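Take a look at the structure below.
The values are calculated or read from the model by the stated rules, or taken from the named source; none is laboratory data. This structure is a prediction, so every number in the text was calculated from the model and none was measured. Because the Cβ atoms are built from the backbone with ideal geometry, glycine has one as well, and the counts that use them run over all protein chains shown. Note: accessible area is taken over every heavy atom of the protein model, side chains too, but ligands, DNA and RNA are not part of it. Shrake-Rupley method; radii C 1.70, N 1.55, O 1.52, S 1.80 Å.
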Amino acid sequence: MKIDVHFTPLGLGAGDLAGRGVVVVDALRATTTIITALANGAKAVIPAATSEEAVRLASNLEKDGVLLAGERRSVRIEGFALGNSPREMVPAAVAGKTIVLATTNGTPALVAAQGGEPVLVGAPVNFKALVERARAVLLEPRDLVIICAGREKQFAIEDAYTAGRVIKAVKKGLRKLVLNDAGRAALALTDELTSWTEALEGSEAAHQLGDVDLEEDVAFAARPDRFGVVPTYADRRIT
Ligand code: MLT
């Protein structure tokens with residue numbers, strides 16, 4: 001039984017995910033936003049690697065039922081209906097809609113996770129439910145890969161901490177769990193930081209959000225177990 005953590009999707013090679021379960025984490029903010037949108041009634045979220053790809057994907061869908069969403073440097077992309085704030089994903093805005101989402105780190109990480117089976121979307125906001133699903137994957141038995149979106153191709157502490165918390169929770173009662181070096185480091189972080197709030201609020205991503213007056217998104221993302229849904233990504237759609 002093995003869990004590999006990748007602190008960014010960069011090192012993933014073709015075939016690394018075949019036959020393995022995957023968890024993708026971008027706590028600030030893409031996976032938090034996706035979970036919130038689906039919990040609030042969105043039909044599906046389609047992740048795009050770039051804003052141009054999002055526009056292309058949206059143009060192939062029924063105009064009425066689709067919303068373009070996404071950010072660059074945390075700010076809504078011009079011409080898009082929504083940004084990447086979980087607080088925008090209220091039922092009145094998203095119920096019944098397919099959202100095509102392009103973000104700097106999170107949606108490219110999801111696109112890179114294609115090939116895993118299943119690909120689970122995780123964040124503190126669905127932590128308890130995520131841990132149950134991840135543990136079930138391990139018990140199949142199937143190896144698990146946790147892909148942290150990171151930040152601009154670098155390590156992001158909030159994602160690594162989330163990966164560590166997942167490992168800590170799923171390993172309870174398992175006799176033999178092998179971790180890669182990144183997995184061991186992620187687990188060690190859970191001794192260093194004492195809460196979701198400490199891990200998320202102290203991050204560089206949180207500071208960037210604060211710079212554009214989006215600090216409330218950090219508080220939103222740091223409250224665990226708001227939702228019991230664990231979205232899965234398959235055939236280019238998250239549902
Ligand atoms: C991302 O996917 O890059 C992030 O969620 C960034 C953000 O929305 O601030």
When ligands, DNA and RNA are left out and all protein chains stay put, how many square angstrom of accessible area per residue does the chain have with a 1.4 Å probe?
-> 44 Å²
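Take the solvent-accessible surface of the protein heavy atoms, probe 1.4 Å, and return the percent of it on the range 1-103 that carbon and sulfur atoms account for.
Working: 2190 of 4160 Å².
Roughly 53 percent, rounded to a whole number.
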Once amide hydrogens are built 1.01 Å from N within the peptide plane, the residues lying 5 or more places from residue 5 or on another chain with amide H under 5 Å from its amide H are 146, 180, 182, 183
Give a quick list of trypsin sites (Lys or Arg not before Pro) in the range 77-131 that DSSP marks as loop, anything other than H, G, I, E or B, with at most 12 other Cβ atoms within 10 Å.
-> none
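About the Cα centre of the chain, what is the dipole size in debye to 20, counting +1 per Lys and Arg Cβ and -1 per Asp and Glu Cβ, all else neutral? List each step's numbers first, then the result.
Working: 28 positive and 30 negative charges, 187 e Å.
With Lys and Arg at +1 and Asp and Glu at -1, about 900 debye.
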Along the range 136-145, what does the Karplus equation 6.51 cos²θ - 1.76 cosθ + 1.60 (θ = phi - 60°) give for ³J(HN,Hα), rounded to whole Hz, x for Gly and Pro?
-> 4, 5, 4, 7, 4, x, 8, 5, 10, 10
Residue among 141, 67, 160 farthest towards the positive dipole end of the range 2-232, charges placed on Cβ = 141
Binned at 10 Å from 0, what are the whole-percent values of the Cα-Cα distance distribution for the range 2-232, short to long?
-> 9, 36, 37, 16, 2, 0
Normalised Cα Rg of the range 70-152, dividing by 2.2 N^0.38 Å with N its residue count, works out at 1.27
Per-residue HN-Hα couplings for the range 158-168, Karplus 6.51 cos²θ - 1.76 cosθ + 1.60 at θ = phi - 60°, whole Hz, x for Gly and Pro?
-> 5, 6, 5, 4, 4, 4, x, 5, 5, 4, 4
The range 1-128: Cα Rg divided by the 2.2 N^0.38 Å rule of thumb | 1.04
Report, to the nearest 10°, how far helix 181-192 tilts away from the longest principal axis of the Cα atoms in the chain, using its own Cα long axis and a range of 0 to 90°.
-> 90 degrees
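Once you mark the GluC sites (Glu not before Pro) that are in a DSSP loop and have at most 15 other Cβ atoms within 10 Å, what is the longest gap between them in the chain?
Values: sites that count: 62, 78, 152.
The segment 153-239 is the longest one with no such site.
Report the charge-dipole magnitude of the range 66-192 in Debye, nearest 20, computed about the Cα centre from +1 at each Lys and Arg Cβ and -1 at each Asp and Glu Cβ.
Numbers: 18 positive and 13 negative charges, 69 e Å.
Taking the Cα centre of the range 66-192 as origin, the dipole is about 340 debye.
Scan the range 1-68 for trypsin sites (Lys or Arg not before Pro) in coil per DSSP, keeping those whose Cβ has at most 11 other Cβ atoms within 10 Å, and list them by number. List each step's numbers first, then the result.
Working: sites: 2, 20, 29, 43, 56, 63; in loops: 20, 29, 43, 63.
When the trypsin sites (Lys or Arg not before Pro) of the range 1-68 are filtered for loop state and at most 11 Cβ neighbours within 10 Å, 63 remain.
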So which chymotrypsin sites (Phe, Trp or Tyr not before Pro) in the range 85-179 pass both tests, a DSSP loop state and at most 11 other Cβ atoms within 10 Å of the Cβ?
-> none
Positive-end residue, the chain charge dipole about Cα centroid, Cβ charges, pick of 58, 12, 199 = 12
Of the cross-linked pairs 97/172; 43/172; 128/176; 43/176, which ones have a Cα-Cα span greater than 29 Å in the structure shown?
-> 97/172; 43/172; 43/176
